[in-house]
Amino acid sequence: MTPPPGTAIIGFDTATGVLALGLAVADPALPGSAGRRYYLEIDGGQKHSGLVMEAADTLTALAGLGKEALTAAACMEGPGSFTGLRIGFAAAKGIALALHIPVIPVPTLDCMAAPFSFWPGIVVPSIDARKNAFFTALYSGGKRISPCMDCTPEELIGAVGSHAEQSRGGLLLTGPGTPLLYPALTAVFPKLRADPSCRRSRIDELLNLAGNMGILDHVNSGPVYIRKSDAELNG
């Protein structure tokens, strides 16, 4: 994916237990080139808040850039971990406000499904939402064909059933919810397949989609949680 000429987009993937940052730097002297990419990924549990800004400093240093060279900050919009999403938005907005650059939020499930646009059936990215539920959506041919859902496995089976034609090509599960969701679906869908790299971050896809969305100012936007927090439900 070619970044827009003259851009340097930093991305924050904090939506799950894996913290990942990426930096896409376009070379204005070589229009149409892929530019340079830098990545940091830390699978160390929920320590995002203590690591995210230090990781951003490390990433720009690796690229040989000062932060003033950044032209946009991208982050996962949600769904995902409530705390993780807030950390990602806080990091992106902090940099954006300091440098007067835009924030580009990108739907988390879109990023998870993006590498599998070739799949002939339905792609199902998922995140464990606890309480026997998953944040998920259905994708076919690289496009989302359902709303983002907070649903049980049984409700997901029903949603797939309403897209019978696309499901004939089989289901592909991806995202960190895959190991928990797979057993509930395998008896129903004989063509079910699981992405062996389901836990990895989607930082590269975040940068690609952010670049394609154009430079829009979303500095006043916030996370898309889908579900209310426990505090809101109990309040």
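Just so it is clear, none of the values below were taken in a lab; they were calculated from the coordinates. A quick note: this is a predicted structure, and the numbers were derived from the prediction, not measured. Cβ: placed from backbone, ideal geometry, glycine included. Neighbour counts: every protein chain shown.
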If we ask which residues in the range 9-26 are outside any strand (DSSP E or B) and surrounded by fewer than 24 Cβ atoms within 10 Å (Cβ to Cβ), their number turns out to be 3
Filter the range 67-115 for residues that are within 17 Å of the chain's Cα centre (by Cα) and β-branched (Val, Ile, Thr); the one that is farthest from ASN208 (Cα to Cα) is THR83
Considering only strands (runs of 3 or more DSSP E) wholly within the range 122-170, the ones with at least 3 residues that are surrounded by 15 or more Cβ atoms within 10 Å (Cβ to Cβ) and without any contact (Cβ under 8 Å) to a residue 12 or more places away in the chain are none
